[in-house]
Structures are given as structure tokens and as C-alpha cells.
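Readers should treat all values here as calculations from the given coordinates under stated rules, not as data from a laboratory. Only a predicted model underlies this, so the values are computations on that prediction, with no experimental measurement involved. With ideal geometry, Cβ positions are generated from the backbone for all residues, glycine too; neighbour counts draw on all protein chains shown.
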Amino acid sequence: MTDRPADDICPKRDETPVPTTIPFSTPIYLTSVWECETPHQAERLLTGELPGYVYQRDGHPNADTLVHTCRALHRTEHAVATSSGMSALAAILLAYTQHGDHMVISSRLYGKSLYLLGREAQRLGVSCDLVDTTCLEAVREGLRPETKLVVVETIANPTLEIADIAGLSNLLSSHAARLVVDNTFATPALCQPLSQGADLVMESASKMMNGHSDAMVGIVASREGGGDWERVGQVMSAYGLTSSPFDCWLVARGLSTMHLRVRRASENAQAAAEYLQQQPRVKRVLYPGLSDDPQHALAARTLSGGFGSVLTMELAGSRAEADRFIGAAGAPPFCPSLGETATTVSHPATTSHRGLSVEERRELGISDAMIRISCGIESAGHVIEMLDAGLSQL
Ligand SMILES: *Cc1c(COP(=O)(O)O)cnc(C)c1O
């Protein structure tokens, strides 16, 4: 009991119990600052000489819990969690390039990634060339002495081209450029790019890795420590790219079921692709798991345990057919993201790729009648029922 006046009572300091047993589920550490014992200790914590926490922007237990799992998944010692997939890519850009450097990037990168590595990087004096990175010869031709990064996606959106990670890594073995793989669509459940020769891997854990559409986190992992990798942490702290404890907690929880969800969703995507191939109202189905997909063999070498939860179909017709499919009662909800427990659809021409001209979209093989499907973990029968409900309106 205390006889101090109410104004002087600090519940945080007075009443936080120090548990004598270890919580089985990691608590959410919502504290921006940690109390240090002495200035000497604070100094050693801040320089990294001692492990521990001082200020949330420089690190917190929920990020470390999450990153511990990601290190194991990517089989490396070096990984960090950032505030989003975009900040993961920004951290790579800021840590690994400087004024005068050059990048070769896939012309099929996620729209915001193209904007970041194209226009924003240019303002920092870092130039880039957009290349069809499925053609190794085109990548070779794009390399310059000042090329620092080659950036590709394991599975590209929305046409689902597969990156030849091992081939690209081989190509870069005689060049200083680092291979960066955005592994968001594949997830570490299906692909570990560092094991196939990539130097850096990044993921938007906001998608399938979390799997519940309720958090934003990015992951960066590196095959090698030291050197430029050291700067990733510095850049994250200086630019404020750090993750939030609550979001890291949610993603850590989502990751504990990732393998089950990815397996089920990939099975559903395979079943949906095979079903859609048989439908007269569907002109074309893109899915690397289809045995007649031109990249099927490469996909089978690059991915293990499934071909991913996303497939794309082109309806026979145009925008009107896409609108009718999306508006149909019983069709999957129109949510321009991916990696949910529920099946959802997106319309690339008006969402992810709206920034491109019709001509640019045509070059990438994206039409107005194209619908991207992100399979959830329902029964395959229900997924097909929902697609059928959409097709029946055409
Ligand atoms: C969503 C996404 C990103 C960006 O991630 P955010 O978490 O939304 O910032 C980057 N790359 C790919 C392939 C994505 O799908």
C-alpha cells in the first residue's frame, strides 16, 4: 500500500509484475523505450556490444521472435523485419546502392517496386534498366560495371513467370552485382532463394506469410553478413523503416500455420487451374503448375511442395466480361491483394497495373479481360463453385 498522492503514482513502474515462469506464447511488447540500469549499460546496448533493447525503432522482442523463424526458414543467420514489404525493398536500395550506381530490374516487378526502384531511386542518383529477366541473355546485356543489384520476383504478378534463380546466380558469379529476389508470391514454404544462389531475399509478409490480411510487415534476409548488410540495420533506424510489435506478433502467429495454408491453397490453385482450362468462357489460364505451362519444368525445379496460391485467367471477351464475373453473386470477393484464408480475385488492369498504358500492359500480356485469383484454404470444391458462379454470368 502506498500513501503517495495519486499524481505521483506511476502504474507502469509500480505494478508491472516480473513473472517467474516463461510465457508459452510470446507477449506483445508494446513499449517504445526500455529502462536501462546505468549509462554504461545504455551505451553498450546502443552500440550493440550487449544484446538487449533501448528504443523500439532500433529493435524489439516481437521483431526478434519473428526474425528468428525467418532465419530458420531461409537457412541464414542474417534477417530483419521491416514495417512493410516496400520498406524491406527500400532498406535494400538504401543500404546497397549509392549515387551513380545502376540496377537491372525485372519489367514484371510489383507496381510499387517498379516505382521505387525506377523513379524514386533515380532521384537518389541510382539508375535502372527494366529487362525481361526470364531471358538470361537480356540480363547479361543489361549489366554494367556499376550495376549493384539485379532484382526479380520468384513468381511474377499477374502472369506468374518464374525466375531462374540458379541461372541468374550463375550468370552473376563473375559480376559484383547482387541478386535480390522478391519471394512474396512463393513464400519460404515453397522457395528459399538464398539456397538457390540469391544474395538477398525480401518478402511482403503482409500477404501469404501472415495469411490473415490484418498486418503489414516486410522481411529481408541475406546469405552473407558484414559489409553492406551491416548498413541495413542502420538504414532502418535512420529512415524509420522498423516494424511494429503488434504486426510482428500477428505475422509470427500467421507463420506458425504458413506451411499448412500454402500447401492447401496451392492444391486449390492447381485444381482451379485445371477446372478453368476446361471452361469455354475462359480463353487462357496461367499457372506454373499446369503441365503444359512453358515454365513448368523451371517451376518444378524452383518451387517445392506446390506451385503457389495464385493463378490468372483471361476470360473470352473484354472488360465487360471481367466486370460481370466480378459482380456475380457467389463469385469470390474482389480484393486487390492476395494470400488470404479466403479465395479472392483481383483485376490487374484497373488495380495493380493501372499505372501502365494500354500498350505497356499489352507488352506484359495483361488484358482487360484478365482476372487474378488468389486461392484460399476452403475446400477445392467450394473454390470451383465460386469460380463457376462468376463464369455463369458471362
Ligand atoms: C504486396 C507486395 C509488395 C509490397 O509489400 P507491402 O507489404 O504491401 O508493402 C512487394 N512485392 C510484392 C510481390 C507484393 O505482392
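Backbone phi angles across segment 230-238, fed through the Karplus curve with coefficients 6.51, -1.76 and 1.60 (θ = phi - 60°), yield HN-Hα couplings of 4, 6, 4, x, 5, 5, 4, 6, 6 Hz in residue order; Gly and Pro are listed as x.
Taking a ≥ b ≥ c as the square roots of the eigenvalues of the Cα gyration tensor of segment 128-240, is the shape rounded (a/c under 1.5), prolate (a/b larger than b/c) or oblate? Because a/c hits 1.5 or more and a/b fails to exceed b/c, segment 128-240 counts as oblate.
Summing +1 for each Lys or Arg and -1 for each Asp or Glu among the other residues whose beta-carbon sits under 13 angstrom from that of Leu66 gives -1. Fewest neighbouring Cβ atoms within 10 Å first, the residues Asp388, Asp368 line up as Asp388, Asp368.
Placing unit charges on each Cβ (+1 for Lys and Arg, -1 for Asp and Glu) gives segment 37-194 a dipole about its Cα centre, and among Leu149, Pro193, Leu168 the Cα reaching farthest toward its positive end belongs to Leu149.
Computed from backbone phi, the HN-Hα couplings of segment 136-153 come to 4, 5, 5, 5, 4, 5, x, 6, 10, x, 8, 6, 9, 9, 10, 10, 9, 10 Hz, rounded to whole numbers (Karplus: 6.51 cos²θ - 1.76 cosθ + 1.60, θ = phi - 60°; Gly and Pro given as x). What number comes out for the charge environment of Gln98, summing +1 per Lys or Arg and -1 per Asp or Glu over other residues with Cβ under 11 Å away? Computed value for this residue: -1.
Listing His353, His68, His296 from fewest to most neighbouring C-beta atoms within 10 Å gives His68, His296, His353. Projecting the Cα positions of Thr21, Pro158, Leu46 onto the charge dipole of the chain (unit charges on Cβ atoms of Lys, Arg, Asp and Glu, taken about the Cα centre) puts Pro158 furthest along the positive direction. Note: relative contact order over the chain, using C-alpha pairs below 8 Å and six or more positions apart, is 16 percent.
Between Leu168, Leu241, Leu260, the GNM of the chain built on Cα springs shorter than 10 angstrom shows Leu260 fluctuating the most.
Computed over the chain, the quotient of the alpha carbon radius of gyration and 2.2 N^0.38 Å is 1.08. In the chain, the DSSP beta bridges split such that about 60 percent are antiparallel, to the nearest 5. Sorted ascending by nearby beta carbons within 10 Å, beginning with the fewest, His382, His40 become His40, His382. Using C-alpha pairs under 8 Å with a sequence gap of at least 6, the mean separation divided by the residue count of segment 191-287 gives a relative contact order of 25 percent.
The Stokes-Einstein estimate for segment 132-184, based on a Kirkwood radius over Cα pairs and taken at 20 °C with 1.002 mPa s viscosity, is a diffusion coefficient of 190 µm²/s.
Counting only DSSP beta bridges with both residues in segment 48-186, the antiparallel share comes to about 5 percent.
For the chain, the residue among Leu114, Cys70, Ser374 whose Cα projects farthest onto the positive side of the dipole built from Cβ charges is Ser374.
The GluC sites (Glu not before Pro) of segment 41-103 that meet both conditions, a loop assignment by DSSP and at most 14 other Cβ atoms within 10 Å of the site Cβ, are Glu49, Glu77. Rounded to the nearest Hz, the phi-derived 3J(HN,Hα) couplings of segment 355-365 under the Karplus curve 6.51 cos²θ - 1.76 cosθ + 1.60 (θ = phi - 60°) are x, 8, 6, 4, 4, 5, 5, 4, 4, 8, x, where x marks glycine and proline.
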